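Structure first, then comments.
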Amino acid sequence: MQIIDGKATSLAIQDEIKEEVQRRVADGAKKPHLAAIIVGDNPASRAYVGHKIKACERVGFDSTLVELSENILEEQLLDEVQALNEDPAIDGFIVQLPLPDQIDAQRVLEAVLPSKDVDGFHPINAGNLSLGLPGFQPATPAGIIELLKRYSIETSGKHAVILGRSAIVGTPMTLLLSRNANPGNCTVTMCHSRTQNLDEITRSADILVAAIGRPHFVTPDMVKPGAVVIDVGINRIPDATKKSGTRLTGDVDAEGLSDVDGHITPVPGGVGPMTIAMLLKNTLDAAAQS
Ligand code: GUN
């Protein structure tokens with residue numbers, strides 16, 4: 001398999017964004033400003049948000065991290081969202097998911113002003129995406145589209161198989177790959193936990209996107225030689241050879257596929273860094289519109 005280097009691509013996009021920020025600031029504009037709300041201390045969420053804030057520094061954005069207690073009430077969190085909605089200094093913000101059980105996450109996402117919703121999770125932005133109208137696209141599927149574009153991978157007329165139907169990845173990925181656009185124009189099959197004959201379907205995929213959150217779910221016998229395999233999984237599994245006792249791995253058995261012809265995104269260093277690049281791009285766009 002040839003590696004699709006998401007880390008290098010993300011850094012290249014960040015360089016482009018940094019140059020654009022410098023141009024705008026030289027023209028008298030203020031720096032774009034991203035805020036992130038994090039609730040509680042889930043270590044994975046903390047790490048993801050930390051990467052996002054660090055990336056802001058790299059491209060010359062201002063950033064604000066709003067850290068809230070695990071025990072916060074829904075109404076208090078809604079007040080924090082409202083404060084960011086009303087703050088003219090903030091161009092865009094995200095509420096890191098998952099949220100604790102006492103909070104209705106959907107209600108919180110719907111409280112975010114669509115024009116500041118740089119995660120693209122508000123129903124207005126999700127609806128615009130489904131209708132092919134302009135709006136913020138969720139960063140992970142947008143990052144996958146950007147990788148396909150920058151690696152000049154032909155998608156038109158190809159069979160794309162999406163494993164997973166989440167609102168964050170599977171559903172928007174299905175929409176983006178089936179659009180009349182380039183990349184796009186795929187015939188898309190969306191698979192989920194009730195799909196029958198899954199192996200048969202995945203074996204017919206020219207492009208296979210795995211977004212189910214189960215380590216090494218996609219085995220070599222499920223992949224057609226020559227396929228482009230996009231691994232969205234970020235799973236922590238035991239590994240006695242590591243100091244931490246664990247390591248990150250994807251939804252795909254990448255090692256088993258190493259001798260198969262085709263392309264693959266590694267974990268880590270594939271889709272993850274692209275999510276950050278596209279979040280920054282959305283924030284850059286939000287700042288231009290404000
Ligand atoms: N949790 C997992 N992925 C994401 C993401 O892209 N945005 C937010 N806000 N939370 C997440």
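The values are calculated or read from the model by the stated rules, or taken from the named source; none is laboratory data. All figures in this text were calculated on a predicted structure; none of them were measured in a lab. Note that each Cβ is placed from the backbone with ideal geometry, even for glycine, and that neighbours are counted across all protein chains shown. Side chains are part of the model used for accessible areas, which takes the heavy atoms of the whole protein and leaves out ligands, DNA and RNA. Shrake-Rupley method; radii C 1.70, N 1.55, O 1.52, S 1.80 Å.
Structure notes:
- The reciprocal of the average 1/r between distinct C-alpha atoms defines the Kirkwood hydrodynamic radius, which for the range 132-184 equals 11.4 Å.
- The range 106-246: radius of gyration over Cα atoms, expressed as a fraction of 2.2 N^0.38 Å: 1.13
- Magnitude of the charge dipole, the range 145-290, Cβ model with Lys/Arg +1 and Asp/Glu -1, debye to 20: 460
- Accessible surface computed residue by residue for the range 96-194, with neighbouring protein chains in place and a 1.4 Å probe, gives 45 Å² per residue.
- Rounded to whole numbers, the Karplus 3J(HN,Hα) couplings from phi for the range 151-165 are 9, 6, 7, 5, 10, 4, x, 7, 8, 9, 10, 10, 9, x, 10 Hz, using 6.51 cos²θ - 1.76 cosθ + 1.60 with θ = phi - 60°, and x at Gly and Pro.
- Residue range of the chain that is longest and free of GluC sites (Glu not before Pro) which are both DSSP loop and sparsely packed (at most 14 other C-beta within 10 Å): 155-254
- Between ARG247 and ASN85, the simple spin-label model (points 7 angstrom out along Cα→Cβ) gives 4.6 nm.
- If only the Cβ of Lys and Arg carry +1 and only the Cβ of Asp and Glu carry -1, the dipole of the chain around its Cα centre is close to 580 debye.
- Accessible area of the range 155-198 belonging to carbon and sulfur atoms, whole % at 1.4 Å probe: 44
- Simple spin-label estimate for ALA8 and GLN289 gives 3.3 nm between the two label positions (7 Å along the Cα-to-Cβ direction from each Cα).
- Helix axis angle, 271-289 relative to the chain longest principal axis, alpha carbon, degrees: 40
- Seen from every direction in turn and averaged, the convex hull around the alpha carbons of the range 165-290 projects onto 9.9 nm².
- Shape analysis of the range 21-148 yields a ratio of the Cα radius of gyration to the Kirkwood radius, Rg/Rh, of 0.97.
- For SER178 and ARG214, a Förster radius of 25 Å and the Cβ-Cβ distance give a FRET efficiency of 0.55, rounded to the nearest 0.05.
- Each residue of the range 120-134 was assigned a 3J(HN,Hα) from its phi angle through the Karplus curve 6.51 cos²θ - 1.76 cosθ + 1.60 (θ = phi - 60°); the sequence is x, 9, 5, x, 5, 6, 5, x, 4, 4, 5, 9, x, 9, x Hz, with glycine and proline shown as x.
- Amide H partners (placed H, <5 Å) of MET190, local residues excluded: ILE162
- Proximity of backbone amide H atoms, modeled 1.01 Å from N, is registered between LEU208 and VAL161, VAL228, VAL229, ILE230 at under 5 Å, excluding neighbours fewer than 5 places apart on the same chain.
- Kirkwood Rh (inverse of mean 1/r, distinct Cα pairs), the range 77-157, angstrom: 14.2
- Shape annotation for the chain: C-alpha extents along the principal axes are 52, 42, 37 Å, from largest to smallest.
- Taking the accessible area of the range 54-150, probe 1.4 Å, and keeping the other protein chains in place, the carbon and sulfur fraction comes to 51%.
- Once the mean of 1/r is taken over each pair of separate Cα atoms and inverted, the range 159-221 shows a Kirkwood hydrodynamic radius of 11.9 Å.
- Theoretical FRET efficiency, 1/(1+(r/R0)^6), r = Cβ-Cβ of LEU68 and GLU200, R0 51 Å, to 0.05: 0.65
- Taking 7 Å steps out from each Cα toward its Cβ at LEU78 and THR187 produces label points 4.7 nm apart.
- For the range 12-93, convex hull of alpha carbons as volume per residue, Å³: 79
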